[in-house]
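Written below as structure tokens is the structure these notes are about.
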Amino acid sequence: MRESIREYVSDRKEPMMDTDFQIVGIRNTEDQTVGRHIKWYQGKPLISALLLAVILSGCLCCHLIMTKNPGYMDLAHYNEAPGGEFLFGTDTMGRDIFSMIWYGGRISLLIGVLATLISTVLAIVFGSVSGCAPEWVDSLLMRFTEIFLSIPNLLLVILLQAVLGKASIFSISFIIGITSWPGIAKVVRTEVKQIRNSGYVIAARCMGGSFWHVLWKHLTPNFASSIMFMVVMNIRSAIIAESTLSFMGIGLPLEQISWGSMLSNADKALMTKSWWIILIPGLFLTVTLMCMTNLGNYLRKAVNRKESYL
């Protein structure tokens, strides 16, 4: 009987392995070739970064490359076309445009940075207070922000500038800064509401940490990357606002050279057919703004990519 059972099992062993069972998890795979290697510079705005670095370096080190005094009025060579002595020509008052470009760019960039610094600090404080406040206070602050956003920014800047009187670098920076914070504040408020109940924030509060300590040590480092692209775009917007005010005649005076004040001579340039007076400053301004826009878009995509991974 036992021998017949063994013979039966031995006869059924091979077909049972073939038909009823299958070994999985071990498969012969062919060697797969690695796809095309992505170079480190692909997808990054290197050209924009390089152009912006050249313009910033020229503006910061303008005293090394200026060929003339930017404020000197050489009336014997007014409206002179670009040439050997005057690389970018002269304006209607005989000032060297090449020297004015680099000297005036430093003023425009300074206004952009100062205005953005003011607006960023205001946005971080306001957004953090709104994010940590009770529900009714948060709703009240957000309604105020929405009302502020509904007012056209340029009209508000013009109104405040008219109230302050004569424009200067710091007055324009202050006005642009206090009118361009709401967008960043709404992002900060959203980020703070997400991380305010995190363990390290609660631990800092339990250990006696004040609001300002928690804000600068724990909250700000966690949402800094989310607002970085908005900070870069605010610098661009501040430069545009300063140029617009100067073009309208209510910005910096002519003796204070900036890209905006150089563009305020557009009507005189068109009447005298001196194209270089408006084209060259406008080209530098446009290239700078486009480079900042590309860098801001890259930072925005990087932040979105990081959040999608999480």
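Ordered by packing density, taken as the mean number of other Cβ atoms within 10 Å over each peptide's residues, highest first, how do 43-54, 187-198 rank? Walk me through the intermediate numbers first.
Numbers: 43-54: 14.0, 187-198: 16.7.
So the peptides 43-54, 187-198, ranked by packing, come out 187-198, 43-54.
Roll a 1.4 angstrom probe over the protein heavy atoms and tell me the percent of accessible area of segment 123-219 that is carbon or sulfur.
On the way: 3680 of 5170 Å².
Heavy-atom surface of segment 123-219 belonging to carbon and sulfur, 1.4 Å probe: 71 percent.
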Once phi is turned into ³J(HN,Hα) by the Karplus curve 6.51 cos²θ - 1.76 cosθ + 1.60 with θ = phi - 60°, what whole-Hz value does each residue of segment 77-93 show in order, with x for glycine and proline?
10, 6, 6, 8, 5, x, x, x, 6, 10, 4, 10, x, 10, 8, 5, 10
Taking θ as phi - 60°, what are the ³J(HN,Hα) couplings along segment 281-295 by the Karplus curve (6.51, -1.76, 1.60), each to the nearest whole Hz, with x for Gly and Pro?
x, x, 5, 5, 5, 5, 5, 4, 5, 5, 5, 5, 5, 5, 5
With every protein chain present, what accessible area does residue 138 have (1.4 Å probe, heavy atoms only), rounded to the nearest 10 Å²?
0 Å²
With every protein chain kept in place and a 1.4 Å probe, segment 227-270 has an accessible area per residue in Å² of 38 Å²
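Give the accessible surface of segment 32-171 per residue, rounded to a whole number of Å², with probe radius 1.4 Å and ligands, DNA and RNA excluded. Please list the in-between numbers first.
Details: 8110 Å² over 140 residues.
Averaged over the residues of segment 32-171, the accessible area is 58 Å².
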Hz values of 3J(HN,Hα) by residue in segment 113-120 - Karplus curve (6.51, -1.76, 1.60), Gly and Pro given as x
5, 5, 4, 5, 4, 5, 5, 5
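Order of 152-164, 224-236 by packing, highest average Cβ count within 10 Å first?
Details: 152-164: 14.2, 224-236: 19.8.
Result, highest mean first: 224-236, 152-164.
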Please work out how much accessible surface residue 39 shows to a 1.4 Å probe, ignoring ligands, DNA and RNA, in Å² rounded to 10.
100 Å²
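The values are calculated or read from the model by the stated rules, or taken from the named source; none is laboratory data. The model shown is predicted, which means the values in this text are computed figures rather than measured ones. Ideal geometry is used to build each Cβ from the backbone, glycine not excepted, and the neighbour counts take in all protein chains shown. What goes into the accessible areas is simple: the full protein's heavy atoms, side chains included, and nothing from ligands, DNA or RNA. Shrake-Rupley method; radii C 1.70, N 1.55, O 1.52, S 1.80 Å.
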